[in-house]
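The values are calculated or read from the model by the stated rules, or taken from the named source; none is laboratory data. Note that the structure is predicted; figures quoted are calculated from it, not measured. Because the Cβ atoms are built from the backbone with ideal geometry, glycine has one as well, and the counts that use them run over all protein chains shown.
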Amino acid sequence: MHPLDATAAKVNGEVLSLRELVTRARARNQTQFVEDSITAALVRDAARQLGIEVTKAEAQQAANEFREKNGLVKAEDAIRWLNERGLTVHDWQDVLQEDVLLAKFKKARFGAKVPSYFAEHKLEFDCATIGRIIVSSEGLGSEILLQLREEGAVFEDMARQYSTDGRTKDHGGYVGRVTRKNLGSIASSAVFGATAGTFQGPFRVGKEFHVLRVIDLQPALLDEETRIEVENRMFAAWLADTREKANVEIPLFEATHAVVEAG
């Protein structure tokens, strides 16, 4: 019997083969688990070349943090969690060590380069907290802007009355934090060149017009959150380049493809 014909699951007596599961996953583009495993292998190889390893203390700390975060402090709870997922303690430890190794690799490979990357891309990390009213005509948008600026209209009330944005209308038009990338070039320049408490617009976005409230501006700072984002960006670029150059074979996919062609 071909390995792919092995039973993967049974439903009311119907046998589902591993081949069926793989074929369905590929057809629905749900094969990220394979790419994740490939990424882990590439990181292991790169970390090995840099002499990076996970110590027992680091692995234990990761396990303790995971158990505390997921309410698995009691041994019986942790065992039940593993059994529900069909995992052994060794399986679980391997996954945790992958996470620790990835974090150590990112820091070793990119940590020293973070400040220079941030300096070169600083504007991309500026944030603003905004409100938004979406309407279908520029005239209405201009009228709303006039009432907000000149007549003291309350933005939240105007949003609830006029906005067509179903996601924010009932919340008074509140959007939350955005970056320059989230806004069009004209709106971005207006918002990040304004002061908090002002109203901007209307800006054409497709067939809609947006009136924006600048609630707050947060200039980019290289804090821990931003440092992590920069490391993730640099890692993504490294991974794309490394993945392209790597010799990667996926017999699991090749086998199912061969069967389809033969059929």
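Of the conditions (1) surrounded by fewer than 12 Cβ atoms within 10 Å (Cβ to Cβ); (2) among the charged types (D, E, K, R); (3) in contact with a Lys or Arg (Cβ under 6 Å, 6 or more places away or on another chain), Glu231 fails just one. Which one is it?
Unmet condition: (1).
Among the candidates Leu212, Leu217, Leu252, Leu222, single out the residue that is at pLDDT 95 or above and more than 30 Å from Ala153 (Cα to Cα).
Within the list Leu212, Leu217, Leu252, Leu222, the selection yields Leu222.
Among the listed residues Arg28, Arg80, Arg48, Arg85, which satisfies the condition of being surrounded by fewer than 16 Cβ atoms within 10 Å (Cβ to Cβ), basic (Lys, Arg) and closer than 22 Å to Ala237 by Cα?
Criteria check complete, one pass: Arg48.
Could you say which residue among Ala78, Ala41, Ala8 is in contact with a helix residue (DSSP H, G or I) (Cβ under 8 Å, 6 or more places away or on another chain) and closer than 27 Å to Ala103 by Cα?
Testing whether each residue is in contact with a helix residue (DSSP H, G or I) (Cβ under 8 Å, 6 or more places away or on another chain) and closer than 27 Å to Ala103 by Cα leaves just Ala78.
Report whether or not Leu239 is over 19 Å from Ala119 (Cα atoms), surrounded by 13 or more Cβ atoms within 10 Å (Cβ to Cβ), modelled with pLDDT under 95 and out of contact with any Gly (no Cβ under 9 Å at 6 or more places or on another chain).
Judged against the criteria, Leu239 is not a match.
Anything in region 123-148 that is within 17 Å of Ala194 (Cα to Cα) and surrounded by 22 or more Cβ atoms within 10 Å (Cβ to Cβ)? List them, or say none.
Within region 123-148, Ala128, Ile130, Gly131, Arg132 qualify.
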